[in-house]
Amino acid sequence: MKVLFTASEMYPLIKTGGLADVAYSLPRALAQAGADVKIVLPAYHELLKKVESFRIIGWLQIEGVSQAHKARIIEVQDSGYDVPIWLVDIPQLFCRPGNPYSSPEGYDWPDNAERYASFSRAVAALAIDAAGTGWAADVVHSNDWQTGLVPAFLSQEKRALTKIFTIHNLAYGGHYSHEEFNQLKLPWEWWSHEAMEFYNGFSMLKAGIVFSDHVTTVSPTYAREICTPEYGYGFEGLLRSRQHKLTGILNGIDTDDWDPSSDPHIPVHYSAGQKDVVASKRKNRQALLKALGANSRQQRNAAPVLGFIGRLVEQKGIDLLLHAIPRLLKETNARFVVLGSGQSDYEQRLAALAEQSPDRVYLHIGYSEALAHLVEAGADLFLMPSRFEPCGLNQMYSLRYGTPPVVHQTGGLADTVSHATEQTILEGSGNGFVFEDQHPDALVNAIVEALALRSRQKLWKQLVNNAMQEENDWSGSARQYLELYKQYQP
Ligand code: ADP
Ligand code: GLC
């Protein structure tokens, strides 16, 4: 089965969030399960800089706004990747500094509609081998709004192929205006509620939902949540009417990159079942604190460290964290390590907390893969109070690193973390701490409960072991995707 997998980012070439991790791991898992997979991405400036070498495999003429674009199709030649990577190279649209979606100053590129519509046109053309590469797809799997138009363009083709669309985050709908719809020269009949029109504008995410054969999202709980007004961002009615073609398939994690027994970013390796896991983690905690500038007394201090890694945006429950930290500083001996970047008001409020309690709140604003690994290994608890979380990867990394996560009961967090009590720990199911209410008190209570359990050493060891035993690799999910692809084969 020939699968063309497309997304707007892929680790480690270009990444802003978990989509990039999925775009790296899932195609590899599909290939390992026997599929003939190719990944196609835009040839961003940042990405091209990281590629060893490449060869040109074809050219396409792509409709644009004020002009047609000549797209060079490139195949990456890099021994580091086992799945072939194709790039759509349109320098006018993708050769710019900054992240995929915004300028270095943080503003969305004003031509994002054209950038991703053109990219999606190119992907659809590659799927039917309009570039003459000698390879045509049976299945096209697109992800999030940036590639939402791919199934729409494919619906215009005579050749029937399977169109799968995955929603990673409904909060980003790819919403554009009627004017932009016209500029993109999309077929007039697509301006309709049955197609992609959405509250006086249009949505590329809606196009993905409507024109694909099947829609998946990244956890079973999120698949249910998005059919409700609370989580649906206005798409709930549409999704309810498409429930027959909506499935939640939980993401996996890359168990090679995230492996505490061999992780090059951590000084002391350890693995599940080993006697001295807690002691190894303590040494990693010291290294983590050292990396964040703590003095040697602070490094040796036995007080627990609570870690957070993520985009500093409302989704991640940063406001809950900002309310909880001052209370926990007063009422417990907990310390905090926060790694992230995002909204400047959140960054500033976290910086103020770190300034007030420099020996208890450690903050690193920015993006650092290496530090992320060290946080997972060195923290005693991992905090994920997300208001919503389609899947979430960090809680799964935490489990694998024996760092029980404290999570809000939502989306993929609810599907991967089970609340620990003495009983569930002994039964082998308790692996973290789950709170229900989206309220700082609920987060504080869950943390206080976790800290109390941590003082019962034997029970805590068992909890850490339960967490590390969880199998969250990609193999099971890749099998589910392959089953789904097969269901729709003509
Ligand atoms: P989302 O995609 O909503 O941001 P996920 O939990 O699915 O959330 O994935 C986030 C990914 O990005 C994880 O791999 C996480 O480790 C990584 N990440 C987020 N922020 C940072 C950061 N500041 N430094 C390093 N890694 C980060
Ligand atoms: C999105 C979601 C996150 C999910 C990731 C990968 O960014 O916010 O929950 O893990 O996509 O699917």
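Data overview
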item: Two-decimal Rg/Rh across the stretch 277-468, once Rg and the Kirkwood Rh are taken from alpha-carbon atoms; result: 0.93
item: Alpha carbon centroid spacing (whole Å) that separates the stretch 130-201 from the stretch 405-436; result: 38 Å
item: Helix axis angle, 344-356 relative to the chain longest principal axis, alpha carbon, degrees; result: 20 degrees
item: The stretch 277-468: relative contact order as a whole-number percent, Cα under 8 Å and 6+ apart; result: 21 percent
item: Residue-level accessible surface for LYS461, protein heavy atoms, 1.4 Å, Å²; result: 110 Å²
item: Order by protection proxy (mean Cβ within 10 Å, highest first), peptides 134-142, 328-336; result: 134-142, 328-336
item: Residue among ILE253, ALA124, GLN286 farthest towards the positive dipole end of the chain, charges placed on Cβ; result: GLN286
item: Degrees between helix 457-469 axis and first principal axis of the chain (Cα, 0 to 90, nearest 10); result: 10 degrees
item: Above-threshold pairs, the threshold being 27 Å between Cα atoms, out of LYS50/LYS290; LYS15/LYS206; LYS283/LYS458; LYS49/LYS283; LYS206/LYS486; LYS50/LYS70; result: LYS50/LYS290; LYS49/LYS283
item: Accessible surface, the stretch 277-468, averaged per residue in Å² (probe 1.4 Å); result: 38 Å²
item: For peptides 447-456, 3-12, 427-436, sequence by mean Cβ density within 10 Å, most packed first; result: 3-12, 427-436, 447-456
item: With every protein chain in place, the stretch 181-272: carbon and sulfur % of accessible area (1.4 Å); result: 52 percent
item: Radius 11 Å from Cβ of ALA71, net charge of other residues (Lys, Arg +1; Asp, Glu -1); result: +1
item: The chain, Rg to Rh (Cα coordinates; Rh as Kirkwood inverse mean 1/r); result: 0.98
item: Hz values of 3J(HN,Hα) by residue in the stretch 267-278 - Karplus curve (6.51, -1.76, 1.60), Gly and Pro given as x; result: x, 10, 8, 7, 9, 4, x, 5, 5, 9, 4, 5
item: Whole-number percent relative contact order across the chain, with pairs defined as alpha carbons under 8 Å at least 6 apart; result: 12 percent
item: 0 to 90° range, to nearest 10: angle between helix 18-32 axis and the chain longest Cα axis; result: 70 degrees
item: Largest to smallest accessible area among LYS275, LYS15, LYS486 [probe 1.4 Å]; result: LYS275, LYS486, LYS15
item: Point-charge dipole on Cβ atoms (K/R +1, D/E -1) for the chain, about Cα centre, debye to 20; result: 980 debye
item: Potential lengthening between GLU63 and ARG456 on full extension [0.36 nm per residue; Cα-Cα distance subtracted]; result: 135.0 nm
item: Heavy-atom SASA rank of ASP129, ASP345 (probe 1.4 Å, accessible area, largest first); result: ASP345, ASP129
item: Theoretical ellipticity at 222 nm over the chain - DSSP helices of four or more residues, -39500 (n - 2.57) apiece, nearest 500; result: -11500 deg cm²/dmol
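The values are calculated or read from the model by the stated rules, or taken from the named source; none is laboratory data. These figures come from a predicted structure and were not determined experimentally. Glycine also receives a Cβ, built like all others from the backbone with ideal geometry; neighbour counts cover every protein chain displayed. Surface accessibility is based on the protein's heavy atoms, side chains included, excluding ligands, DNA and RNA. Shrake-Rupley method; radii C 1.70, N 1.55, O 1.52, S 1.80 Å.
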